[in-house]
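A.B. asks: I have a structure I would like to understand better, so I am pasting it below and will then ask my questions one at a time.
The values are calculated or read from the model by the stated rules, or taken from the named source; none is laboratory data. For clarity, every value in this text was computed on a predicted model and none was experimentally measured. Note that each Cβ is placed from the backbone with ideal geometry, even for glycine, and that neighbours are counted across all protein chains shown. Remember, those area values only see protein heavy atoms, side chains included, never the ligands or the DNA or RNA. Shrake-Rupley method; radii C 1.70, N 1.55, O 1.52, S 1.80 Å.
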Amino acid sequence: MTPDARHAKDKLALTPELREAIREIAGTEHLLVAMDFDGTMAPIVGHADDARPLPRSAAAFAGLAVLPRTTTALISGRALASLRAVASPPVNTLLIGSHGAEAWLGPGSTGLTLEPEQKALLAEVRAVLEDIVKEAPGTMLEDKPAGVVLHTRLAPDDVADDAVAAARSVLQERKGVFLKDGKRVLETSVVNASKGEGVTFLRQITGATGVLFAGDDTTDEDALARLEPGDVGVKVGLDFTQAQYRVEAPVHVAELLEVLLQQRSIAVAEETPGTADE
């Protein structure tokens, strides 16, 4: 193996500390595996509709979804419909969309319903952003049930900065409008929610005794901040984070999920009566 190849291989490896944290949390009574999607399960792409999970990540995540006392969840800024379309999640995976404003907890879950005042405010927000996009080449809008997203990934940096600044100048003091910065996006919403609230909600409804959460964006810091002692938080990328652990890219998330699947499978097999004799 050449030095360059050995270096590339080493970069893909999880740190010993992270591997040990995965091994420990894999033994918890009820494990919640909550993952961001874009930039975590899937590489970032220019067009949101083109995003897909890495095959290794999808396979390991699906394997975790069928294990006893294990709940899988996706917590995303995407609207639920968009998240389902690109992620194709396992059938029993719980979904939190629109940064916590939407939730799918299985058959019978009700959708998000806005009050008339919220609907009117959302229309006003969209009109403001439409005017900005007309003057900012490379920017575009994405509609969500409770908000509108200003995408600037395809715009030159100066155009992107000006567009976001213009949107903020009009909307940041508007009562009932909530803004979130993401990677080359400005999220607007008429519902005040966060991924942190999503993690807390999922912990409560599942009775999870341990949570592993991984995410790459600034909005994922809300979720990382809600983790408790014994949980495992993983930052994907090199940006500032409060997470205990870090990996560089979605390909490393695939490795993380594969290790977690292996360790969780061992843990639940050891605790299942009669497994050792079969």
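A.B. asks: Looking at (1) modelled with pLDDT under 95; (2) hydrophobic (A, V, I, L, M, F, W, C); (3) buried (at least 22 other Cβ atoms within 10 Å of the Cβ), find the lone condition where A276 falls short.
C.D. replies: Evaluating A276 over (1) modelled with pLDDT under 95; (2) hydrophobic (A, V, I, L, M, F, W, C); (3) buried (at least 22 other Cβ atoms within 10 Å of the Cβ) leaves (3) as the failure.
A.B. asks: Next up: In the range 54-76, what residues are open to solvent by less than 10 Å² (accessible area, probe 1.4 Å), not polar (S, T, N, Q) and not in a strand (DSSP E or B)? Spell out how you get there, then give the answer.
C.D. replies: If we filter the range 54-76 for residues that are open to solvent by less than 10 Å² (accessible area, probe 1.4 Å), which is where we start, we get 57, 60-61, 64-65, 72-76.
Filter once more, so that each one left must be not polar (S, T, N, Q): 60-61, 64-65, 73-75.
Across the range 54-76, the qualifying residues are A60, F61, L64, A65.
A.B. asks: While we're on this one: Would it be correct to say that I266 is open to solvent by 70 Å² or more (accessible area, probe 1.4 Å), part of a helix (DSSP H, G or I) and over 25 Å from S98 (Cβ atoms)? Step through it out loud before you land on a result.
C.D. replies: Details: open to solvent by 70 Å² or more (accessible area, probe 1.4 Å): yes; part of a helix (DSSP H, G or I): yes; over 25 Å from S98 (Cβ atoms): yes.
Taking the combined requirement at face value, the residue satisfies it.
A.B. asks: Now a separate question. Would it be correct to say that V177 is of a type in the set (A, V, I, L, M), modelled with pLDDT of 90 or more and more than 24 Å from the chain's Cα centre (by Cα)? Outline the logic, then answer.
C.D. replies: Details: of a type in the set (A, V, I, L, M): yes; modelled with pLDDT of 90 or more: yes; more than 24 Å from the chain's Cα centre (by Cα): no.
No; evaluated as a whole, the condition is false for this residue.
A.B. asks: Still on this structure, I have one more. Hey, L238 hits all of (1) modelled with pLDDT of 95 or more; (2) under 24 Å from R78 (Cβ atoms); (3) aliphatic (A, V, I, L, M) but one; which does it fall short on?
C.D. replies: Exception for L238: condition (1).
A.B. asks: I need a count of the residues in the range 183-230 that are open to solvent by 10 Å² or more (accessible area, probe 1.4 Å), more than 16 Å from the chain's Cα centre (by Cα) and under 23 Å from T70 (Cα atoms).
C.D. replies: Going through the range 183-230 one residue at a time, the tally reaches 9.
A.B. asks: So E117 clears everything in (1) more than 21 Å from H252 (Cβ to Cβ); (2) touching a Leu at 6+ places or on another chain (Cβ under 9 Å); (3) open to solvent by 20 Å² or more (accessible area, probe 1.4 Å); (4) not β-branched (V, I, T) except one condition, right? Which one?
C.D. replies: Of everything listed in (1) more than 21 Å from H252 (Cβ to Cβ); (2) touching a Leu at 6+ places or on another chain (Cβ under 9 Å); (3) open to solvent by 20 Å² or more (accessible area, probe 1.4 Å); (4) not β-branched (V, I, T), E117 misses just condition (2).
A.B. asks: Okay, moving on. Can you say whether T70 is more than 23 Å from V164 (Cα to Cα) and modelled with pLDDT of 95 or more, as far as the supplied structure shows?
C.D. replies: On the way: more than 23 Å from V164 (Cα to Cα): yes; modelled with pLDDT of 95 or more: yes.
Spelling it out, T70 is indeed more than 23 Å from V164 (Cα to Cα) and modelled with pLDDT of 95 or more.
A.B. asks: Here's another thing I want to ask about it. For the range 1-28, which residues satisfy the criterion of being among the hydrophobic types (A, V, I, L, M, F, W, C) and either surrounded by 11 or more Cβ atoms within 10 Å (Cβ to Cβ) or modelled with pLDDT of 95 or more (or both)?
C.D. replies: Here is the first cut: in the range 1-28, the ones among the hydrophobic types (A, V, I, L, M, F, W, C) are 1, 5, 8, 12-14, 18, 21-22, 25-26.
Hits for the range 1-28 are A8, L12, A13, L14, L18, A21, I22, I25, A26.
A.B. asks: A follow-up question, please. Which condition does V251 not pass, out of (1) in a loop (DSSP other than H, G, I, E, B); (2) at pLDDT 95 or above, if it passes all the others?
C.D. replies: Of the numbered conditions (1) in a loop (DSSP other than H, G, I, E, B); (2) at pLDDT 95 or above, the odd one out for V251 is (1).
A.B. asks: Tell me, which residue of the range 136-182 that is polar (S, T, N, Q) and loosely packed, with under 14 Cβ neighbours inside 10 Å is farthest from A123 (Cα to Cα)?
C.D. replies: As a first pass, look at the range 136-182 and keep what is polar (S, T, N, Q): 139, 152, 169, 172.
Among the residues that remain, those that are also loosely packed, with under 14 Cβ neighbours inside 10 Å are: 169, 172.
Numbers: S169: 18, Q172: 16 Å.
For the range 136-182, the residue satisfying everything is S169.
A.B. asks: Within the range 77-93, can you find the residues that are open to solvent by less than 10 Å² (accessible area, probe 1.4 Å) and among the β-branched types (V, I, T)?
C.D. replies: Answer for the range 77-93, where residues must be open to solvent by less than 10 Å² (accessible area, probe 1.4 Å) and among the β-branched types (V, I, T): V86, T93.
A.B. asks: Tell me, which helices (runs of 4 or more DSSP H) lie completely within the range 133-244 with 1 or more residues that are closer than 30 Å to E20 by Cα?
C.D. replies: Working: elements: 157-171, 195-206, 220-225.
By residue number, 195-206, 220-225.
A.B. asks: Hey, can you tell me all the residues within the range 87-116 that are part of a helix (DSSP H, G or I) and in contact with a strand residue (DSSP E or B) (Cβ under 7 Å, 6 or more places away or on another chain)? Please lay out each step first, then the result.
C.D. replies: Initial filter on the range 87-116 (part of a helix (DSSP H, G or I)): 87, 98-100, 116.
Answer for the range 87-116, where residues must be part of a helix (DSSP H, G or I) and in contact with a strand residue (DSSP E or B) (Cβ under 7 Å, 6 or more places away or on another chain): A87, S98, H99.
A.B. asks: Going by the structure shown, is V164 farther than 20 Å from G215 by Cβ, without any contact (Cβ under 8 Å) to a residue 60 or more places away in the chain and under 18 Å from the mean Cα position of the chain (by Cα)? Walk me through it before giving the result.
C.D. replies: Working: farther than 20 Å from G215 by Cβ: yes; without any contact (Cβ under 8 Å) to a residue 60 or more places away in the chain: yes; under 18 Å from the mean Cα position of the chain (by Cα): no.
It is false that V164 is farther than 20 Å from G215 by Cβ, without any contact (Cβ under 8 Å) to a residue 60 or more places away in the chain and under 18 Å from the mean Cα position of the chain (by Cα).
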